[in-house]
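**Q** Below you'll find the structure I mean.
None of the figures in this text is laboratory data; all of them are computed from the coordinates on show. Given the structure is predicted, the values throughout are model-derived calculations rather than measurements. Glycine also receives a Cβ, built like all others from the backbone with ideal geometry; neighbour counts cover every protein chain displayed.
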Amino acid sequence: MVALKHMMTTSLLLGTFAIVGTGMVALTYDGTEPLIEYKEKQALLRSLNALIPPASRDNDIANDTTEATSKALLGSKKKANTVYLARLKGVPVAAVITTIAPDGYNGAIKLLVAIRYNGTISGVRVLKHRETPGLGDGIEIIRSDWITTFDNHSLQNPDDLGWHVKKDGGIFDQFTGATITPRAIVKAVHNALKYFEQHRDELFSANNTAQTSTQVTKTDN
């Protein structure tokens, strides 16, 4: 009886601690979630401004958006990819496509690929990844300028053969001891260019009023 009573008391205490602990975690999350969202939005805005300088557009690029879905070219699955549109006096300037490189070394890599209306790349930035520190994290602009090697390239410059890392016969450098990560990003950027070429006019016509947000999905699976 004493043993049974002790077990019941212990179980009750453990249950109480679990409930209290869960509550504290939930309260902490609820308190920090708005701050996390704010920081993510600020980081996104900094990236958009770096890729498409404010002087080259006069619309609210963060809110002038549409959506695109393509498993083959953008890594989309269930959730659509956001496309940020830049305009100057209503004329299309560039699109910043959110795309996914699904085959990174440690999982999917989320990217922003900024493409001018003429089809040349304005810039590329990594939004989220889980690549190995010291090896694959050279894709981050704060650690290396490797990601800037895509600037001003297009589907014609280089040709299809050139859109690979040097180890595979292309023009883009890989990292020492880490080929998978840059290979995945080169492929994702190349695919984003293909998507833009196929859907450029649709993307801008889907939201042809500056500084207005829309929810239009372009599917290409």
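**Q** Got a sec? Charge dipole of region 76-177, +1 on Cβ for Lys and Arg, -1 for Asp and Glu; which of Ile147, Asn118, Gly169 is way out at the positive end?
**A** Checking the options against the dipole of region 76-177, the answer is Asn118.
**Q** Can you give me the orientation-averaged projected area of the convex hull built on the Cα atoms of region 55-219, in nm²?
**A** Its average projected convex-hull area is 9.1 nm².
**Q** Let me ask something additional. Give the percent of DSSP beta bridges with both residues in region 55-219 that are antiparallel, rounded to the nearest 5.
**A** Roughly 85 percent of the beta bridges in region 55-219 run antiparallel, per DSSP.
**Q** Quick one: Karplus J couplings for region 38-46, per residue in order, coefficients 6.51, -1.76, 1.60, θ = phi - 60°, nearest Hz, x for Gly and Pro?
**A** Calculated HN-Hα couplings, in order: 4, 5, 5, 5, 5, 5, 4, 4, 4 Hz.
**Q** Moving to a separate point now. Find how much the distance from Gln198 to Thr179 grows on full extension, using 0.36 nm per residue of separation minus their present alpha carbon separation; answer in nm with one decimal.
**A** Length difference between fully extended and current span is 3.9 nm.
**Q** Kindly flag which residue pairs out of Lys41/Lys77; Lys41/Lys167; Lys110/Lys166; Lys128/Lys166; Lys89/Lys187; Lys167/Lys194 have an alpha-carbon separation exceeding 26 Å in this structure.
**A** From the list (Lys41/Lys77; Lys41/Lys167; Lys110/Lys166; Lys128/Lys166; Lys89/Lys187; Lys167/Lys194), the Cα-Cα distance tops 26 Å for Lys41/Lys167; Lys89/Lys187.
**Q** Ranked from highest to lowest mean number of other Cβ atoms within 10 Å per residue, what is the order of the peptides 111-118, 183-190?
**A** Per-residue Cβ counts within 10 Å, averaged per peptide and sorted highest first, yield 183-190, 111-118.
**Q** Can you give the local net charge around Gly170? Use residues other than it whose beta-carbon is closer than 15 angstrom to its beta-carbon, Lys and Arg +1, Asp and Glu -1.
**A** So the environment of Gly170 carries a net charge of 0.
**Q** Starting from the Cα gyration tensor of region 67-159, take the square roots of the eigenvalues, sort them a ≥ b ≥ c, and report rounded, prolate or oblate (rounded when a/c is under 1.5, otherwise prolate if a/b is larger than b/c, else oblate).
**A** Oblate is the answer for region 67-159, as a/c is 1.5 or above yet b/c matches or exceeds a/b.
**Q** Turning to a different aspect of this structure: Could you list Leu135, Leu161, Leu73 in order of exposure, starting from the residue whose Cβ has the fewest other Cβ atoms within 10 Å?
**A** If I rank by nearby Cβ atoms, fewest first, I get Leu161, Leu135, Leu73.
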